[in-house]
Amino acid sequence: MSEVVPASGSVHWVGAGLSTGSGPSMLCEAAGRVLLWHRTEDRAAEALARLGLTGRAEPRAYTPDALAAELAPGDVVVSMLPAAEHAGLLALCVRERAHFACSSYVSDAVLEQVPAAERAGVVVLTEAGLDPGIDHLFAHGLVARARRAIGDDTAASYGFTSYCGGVPAVANDFRYRFSWAPAGALNALRSPARYVEDGAETTAGRPWEATRRHVVDGETFEVYPNRDSVPFVEQYGLPSAWKARTFVRGTLRLDGWLRAWDDVFARLRSDDDAKIATLAQELAAKYPTTDADRDRVVLAVSLDVRGEAGQTWSGGYLLDLVGDEEESAMARCVSRPLALGVRHVLDGSLPPGLSRAAETAARSEEWLGELAREGVHFTLRVDQ
């Protein structure tokens, strides 16, 4: 493995959308220099003023060429752009030997560049937001505790669930609050979901049709599977001697969401891109996000293990946060873990190549302690 390129101390935060909360402020305290790149320099300056960072970070008008002109070896590029643009930014980083960080899932286009990044000594930090991100930290912590209690070589079965959602703090008739682009929320529902149920791999072509009730801390929600859960069995280090009864990573919504969205689902079934784009515009106009709104983020991760000789272990993490007038809960839960990850790039503790948040139980515990100190609070329950 190549040695990691020493961090220069400069951070380029690219994009200032809904999920850009207090992360840049955290980095102004840790980095020697922070530049916020937005569509225009005026828009970047407005975003810095909104974040209380005027004079502490530098506004820039973003284009790939403009960023390339200011990028130096060891700089860190934080991408808050749409996931489809990550691969292009990463290619630029590899060329300039700068590090890369984002909160999104690893795409194939990003994964293809990881070997080159590793050879160049470049850190590629991904899945370092809320979901994916904090959910990974919770999962690693639970799996490590269960392995110590049950034993890696003990025959056992387990149920694992990880559900996350951004919802309105005060329920509305729509049972939802857009915390990201409506088009993205709708298109996510169009992607099939693969997961384990009753010991067998299962695919839901329309994920919302697999919605079920789920009780978290005495409150009833509705949950459904999201994306492909199966590869995370290996990523979370579950022992091969244990067999999954249930393994699902999914989305959480307020009770009544399925009924409230009935008309939306009817239009999603058409699978017509143009019609769904129109629907997204209609929903954005009908259910706008305003400064007076307060959002709520709920992330519940649970693991229940049953050994064939009668051993049992169960535990769960719960994060339940409400936004305030300074920052939405979603922005806090996405930007602060991402900024924390960037701080670990700056201090040289992440290796070159791919890191999906913290990759081990020990590092996950460190990150969770740091997150709690940064105002992202959660609880741990363990039953033996």
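Just the residues that are hydroxyl-bearing (Ser, Thr, Tyr) and open to solvent by 20 Å² or more (accessible area, probe 1.4 Å), please, taken from the stretch 11-35. Break it down into steps so the answer makes sense when it comes.
Filtering the stretch 11-35 down to residues hydroxyl-bearing (Ser, Thr, Tyr) leaves 19-20, 22, 25.
Across the stretch 11-35, the qualifying residues are 19, 22, 25.
Taken together, the residues in the stretch 38-55 that are in a strand (DSSP E or B) and open to solvent by 30 Å² or more (accessible area, probe 1.4 Å) amount to 1. Here the strands (runs of 3 or more DSSP E) wholly within the stretch 104-211 that include at least 2 residues being more than 27 Å from residue 84 (Cα to Cα) and open to solvent by less than 40 Å² (accessible area, probe 1.4 Å) are 156-168. For residue 305, the criteria (1) open to solvent by 10 Å² or more (accessible area, probe 1.4 Å); (2) part of a strand (DSSP E or B) hold in every case but one, which is (1).
Open to solvent by 60 Å² or more (accessible area, probe 1.4 Å), touching a residue at least 60 places away in the same chain (Cβ under 8 Å) and in a helix (DSSP H, G or I) - does that describe any residue in the stretch 288-299? The answer is no; no qualifying residue exists.
Pairs linking a residue in the stretch 23-37 that is assigned to a strand (DSSP E or B) to a residue that is open to solvent by 10 Å² or more (accessible area, probe 1.4 Å) and aromatic (Phe, Trp, Tyr), with Cβ atoms under 9 Å and 6 or more positions apart or on different chains, are 37/62. Please work out which residue is most open to solvent (accessible area, probe 1.4 Å), limiting yourself to the stretch 335-357 and to residues that are under 18 Å from residue 135 (Cβ atoms) and not in a helix (DSSP H, G or I). That would be 356.
Of all residues assigned to the stretch 320-332, none qualifies as being among the hydroxyl-bearing types (Ser, Thr, Tyr), at pLDDT below 95 and surrounded by fewer than 20 Cβ atoms within 10 Å (Cβ to Cβ).
The values are calculated or read from the model by the stated rules, or taken from the named source; none is laboratory data. Keep in mind it's a predicted model, so treat the numbers as computed, not measured. In this analysis, Cβ positions are derived from the backbone assuming ideal geometry, glycine residues included, and neighbour counts consider all displayed protein chains. Ligands, DNA and RNA are stripped out before the accessible areas are found, and what is left, the full protein with its side chains, is counted by its heavy atoms. Shrake-Rupley method; radii C 1.70, N 1.55, O 1.52, S 1.80 Å.
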